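S.K.: Pasting a structure here, questions to come.
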């Protein structure tokens, strides 16, 4: 487990899990996150797409969610290159590539008709 001191000036890596809660010097530690929020809005026919399913797949891991009434969404995905897929009864399925990092990333899309169905076009 990779850890980072919250209080104190020392940094330690690869501590035993039993020591991750603190050490003999009273330092508190926090695991370094390896995921980041991806958020934005999905529009279809220039209107908010509410209740659409969203899956963000990063390698062999994925997270699922749905858009709110205003078309917005927010999911925390593992870091790396990912595929965001939106599904709806209105058009079926559309996907786009996104990148997740430790910082929040905004990805807002319009669902548009493409050559082979629908696609996500970044706003």
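S.K.: Provide a single number: the residues in region 33-51 that are in a loop (DSSP other than H, G, I, E, B) and under 16 Å from the mean Cα position of the chain (by Cα).
M.R.: 2
S.K.: Scan region 62-90 for residues that are in contact (Cβ under 8 Å) with a residue 40 or more places away in the chain and either over 10 Å from the mean Cα position of the chain (by Cα) or more than 20 Å from residue 101 (Cα to Cα) (or both) and jot them down.
M.R.: 86, 88, 90
The numbers here are math on the coordinates, done by the rules we state, and not lab data. The structure displayed is predicted, hence computed values, not measured ones. Here Cβ is always computed from backbone atoms with ideal geometry, including for glycine, and neighbour counts include all displayed protein chains.
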